[in-house]
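Participant: Have a look at this one.
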Amino acid sequence: MTDMTSNPPRVRSRQARRRGLEFKVYFAMIFALALPFASARWVRDVIQHRTLDLRGPLARAWAEADRTTPLIFSV
């Protein structure tokens, strides 16, 4: 017989589940909406810092969508 008191089996958390079609649709919509704003912020930062050694607008929009989309599904 197995002793389950010292090492219980792992329970899958809700965050470990796969991202479904609905998540991908919302992610794409938020990414498309964030892209113009991220581009404008990137241009402003390039002018202000006078360097191209910054994260680009695609990376900024992707990060924004990656932060925002899970918030929608956590409610």
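We did not get these values from a lab; they are worked out from the coordinates using the rules stated. The shown structure was predicted, so the numbers you read here are calculated from the model rather than taken from an experiment. Virtual Cβ from ideal backbone geometry, glycine too; neighbours counted across all protein chains shown.
Participant: In debye to the nearest 20, how big a dipole does region 19-73 give about its Cα centre with +1 on each Lys and Arg Cβ and -1 on each Asp and Glu Cβ? Walk me through the numbers before you get to the answer.
Facilitator: Details: 8 positive and 5 negative charges, 18 e Å.
Magnitude of the dipole: close to 80 debye.
Participant: Order of 41-53, 60-72 by packing, highest average Cβ count within 10 Å first?
Facilitator: Working: 41-53: 10.8, 60-72: 15.8.
So the order, starting with the most tightly packed, is 60-72, 41-53.
Participant: Using 7 Å Cα-to-Cβ label points, what is the Gln48/Ile72 separation (nm, one decimal)?
Facilitator: The modelled label-to-label distance comes out at 2.8 nm.
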